[in-house]
Amino acid sequence: MIIKNAKVVTPDAVLELDVSVENGKIAKIAENLSGSEYIDANGKYLLPAMIDIGLGVMDSKLRGGTIDKLSCKAKANGFGTVVLSSFCTPSIDNEITLEFAKSQAALCNGAKVLNLIAGIKEDGKLSDISILLKEGAVGIEFESSIDGNMIRRLMEYASMYGVKLFCRAKDLALQGEGVMNEGEVSSRLGLGGVPDVAESSQVARIGELAEFYGVDVVILAASTPRTLKLCAQNPRLYAQASIHHLLLNDEVCDNYNTSGKIWPPLRDEKSRIEMLEYLKNGDLEVLTSLHTPVSASLKDAVFAEAAYGIDGLNSYLPLIYTYLVKPGYIDMPTLSKLTSGNYAKLIGLDSYKGFIKEGYDADLILFDPNVASSIDLPRSPYNRWSIEGKVEPVK
């Protein structure tokens with residue numbers, strides 16, 4: 001099969017070339033290729049299918065059907081591989097739960113679903129990390145608030161098995177009863193606030209330990225400029241930020257709008273603008289959809305009791321193109337790295353996935369920029385908003 005008339009997004013440039021696909025692999029990239037079967041891309045961008053790490057299933061409940069729904073929805077929105085967060089119910093911290101998740105993923109017809117494992121069990125003990133990694137998990141997930149000696153042991157395991165650690169940075173004492181960003185909006189609403197330092201102070205702590213033990217740590221869903229600065233200064237830390245924290249601020253939560261209640265909380269406008277500058281300067285490793293869907297009944301509650309979460313897959317790529325590429329914060333090759341190539345490197349898939357290169361998997365998508373450019377950014381998050389975004393998996 002030959003894909004013609006596409007704008008091929010390579011790691012370094014956008015090129016008008018033909019791409020030949022044979023037996024699920026990219027066979028050749030060149031001008032004027034010929035064959036018996038064609039796809040006319042008609043000026044659309046040809047990109048590697050996206051990858052995302054740390055996603056959730058509906059209501060964080062790991063049960064029959066929830067992984068398939070995640071897989072199918074991910075594929076429909078341009079993802080080829082997604083990595084499930086271990087923080088679900090039940091937690092992925094033992095062989096039985098991991099095997100269940102893998103067996104469910106094997107039945108999916110959409111994007112490939114991989115797994116993180118929880119480094120610490122709910123009882124505070126170490127999980128069987130060696131066994132779980134040998135069973136195919138791609139990384140170890142943990143919260144920064146755990147005991148320092150436990151973090152040391154997780155880092156030793158990560159070093160032994162050559163995998164990354166994936167950290168959710170939070171200081172439970174500092175965040176207290178906070179349910180949104182600490183600032184003018186939380187004060188006006190009379191809601192408990194979560195200060196920026198509850199995240200950044202923990203990132204500083206993790207960074208010191210990562211440098212000492214010589215392991216790499218990905219900070220999942222970084223939400224403050226200080227976090228991004230700390231990651232940029234430390235070669236052992238990698239920052240992942242969500243599209244929501246780059247496009248929206250805590251004013252979304254005004255009038256007790258629970259659709260804006262996500263974790264980490266949306267920060268103020270000053271922080272959002274500063275985070276965009278870090279993105280522009282190349283200090284972000286990867287972007288995330290922060291897909292953590294919850295039932296409407298769990299959102300339809302008073303703000304303090306409503307569930308955290310957002311349906312982040314819908315319109316993810318069109319939003320990035322419209323509000324990050326078109327204004328010039330990033331270009332298309334950088335978009336591809338932030339949503340695919342760099343992720344492939346983090347979880348060891350980069351020898352065959354994440355880039356448009358000869359010999360790599362033909363896990364590709366076509367993206368129509370003419371559709372994306374018509375999107376208006378709403379004041380409320382996108383789980384109450386639908387568009388006709390056009391992202392097509394290449395079959």
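The values are calculated or read from the model by the stated rules, or taken from the named source; none is laboratory data. Since we're looking at a predicted model, the values are computed, not measured. Methodologically, a virtual Cβ is constructed for each residue, glycine included, from the backbone with ideal geometry; neighbour enumeration extends over all protein chains shown. The accessibility values were calculated without ligands, DNA or RNA, using every heavy atom of the protein model including side chains. Shrake-Rupley method; radii C 1.70, N 1.55, O 1.52, S 1.80 Å.
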Integer Hz, Karplus 6.51/-1.76/1.60 couplings in order for segment 51-62, x for Gly and Pro:
10, 8, 10, x, 7, x, 9, 3, 6, 6, 9, 7
Mean projected area in nm² (Cα convex hull; one quarter of hull surface) for segment 277-319:
4.4 nm²
Choose one answer from 101, 30, 221: the residue with the largest mean-square fluctuation in a GNM of the chain with alpha-carbon springs under 10 Å.
30
Surface per residue (accessible, 1.4 Å probe) for segment 1-117, Å²:
44 Å²
Determine the calculated [θ] at 222 nm for the chain from helices alone, applying -39500 (n - 2.57) to every DSSP H run no shorter than 4 residues and normalising by the residue count; nearest 500 deg cm²/dmol.
-8000 deg cm²/dmol
Interchain or long-range residues, amide H under 5 Å from residue 120's placed H:
127
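Taking every pair of alpha-carbon atoms in the chain, give the share separated by more than 28 Å as a whole percent.
Here the long-distance tail beyond 28 Å is 45 percent of all Cα pairs in the chain.
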Run the reach check for residue 326 against aspartates and glutamates, Cα to Cα strictly under 17 Å, same-chain hits fewer than 8 apart removed. What comes back?
277, 368, 376
Between residue 61 and residue 122, with labels modelled 7 Å along Cα→Cβ, what's the label distance in nm to one decimal, could you check?
1.4 nm
Can you work out the accessible area per residue across segment 152-195, with the rest of the protein chains kept in place, probe 1.4 Å, in square angstrom?
47 Å²
Return the single residue from 332, 160, 58 with maximal mean-square fluctuation; model: Gaussian network over the chain, springs between Cα atoms under 10 Å.
160
Looking only at Cα atoms, what is the convex hull volume of segment 1-142 per residue, in Å³?
133 Å³
If the label point is 7 Å along Cα→Cβ of residue 297, which residues in segment 45-72 have backbone nitrogen under 13 Å from it?
59
Please state the equivalent ellipsoid semi-axes for segment 172-224: what are the square roots of 5 times the Cα gyration tensor eigenvalues, largest first, in whole Å?
29, 10, 7
Size descriptor, Kirkwood hydrodynamic radius, that averages inverse alpha-carbon separations across segment 123-262, Å
16.2 Å
With springs only between Cα atoms under 10 Å, which of 112, 73, 270 fluctuates most in a Gaussian network model of the chain?
270
Once label points are set 7 Å from the Cα along Cα→Cβ at both residue 255 and residue 152, what is their separation, rounded to one decimal in nm?
5.3 nm
Which length gain, in nm to one decimal place, applies between residue 208 and residue 99 when the Cα-Cα distance is subtracted from 0.36 nm times their residue separation?
35.8 nm
Round to a whole number: what % of the accessible area of segment 173-234 belongs to carbon and sulfur, probe 1.4 Å?
49 percent
Per the Kirkwood treatment, what hydrodynamic radius in Å, one decimal, follows for segment 104-171 from the mean inverse distance over all distinct Cα pairs?
12.8 Å
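Report the calculated FRET efficiency for residue 277 and residue 177 (r = Cβ-Cβ distance, R0 = 30 Å), to the nearest 0.05.
Working: r = 32 Å, r/R0 = 1.06.
Efficiency computed from Cβ-Cβ geometry: 0.40.
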Please work out the C-alpha center-to-center distance from segment 138-205 to segment 221-272 and express it in whole Å.
13 Å
Just how large is the dipole of the chain about the Cα centre, in debye to the nearest 20, putting +1 at every Lys and Arg Cβ and -1 at every Asp and Glu Cβ?
380 debye
Give the cross-link partners of residue 73 among the aspartates and glutamates, using a straight C-alpha distance below 17 Å as the criterion and excluding same-chain residues fewer than 8 apart.
52, 59, 311, 363, 388, 392
If contacts are Cα pairs under 8 angstrom and at least 6 residues apart, what is the relative contact order of the chain in percent?
19 percent
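Run the numbers on segment 130-188 and let me know its relative contact order in percent, using alpha-carbon pairs under 8 Å that are six or more apart.
Reported relative contact order: 37 percent.
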Hey, how many Å between the Cα centroid of segment 289-364 and the Cα centroid of segment 1-76?
14 Å
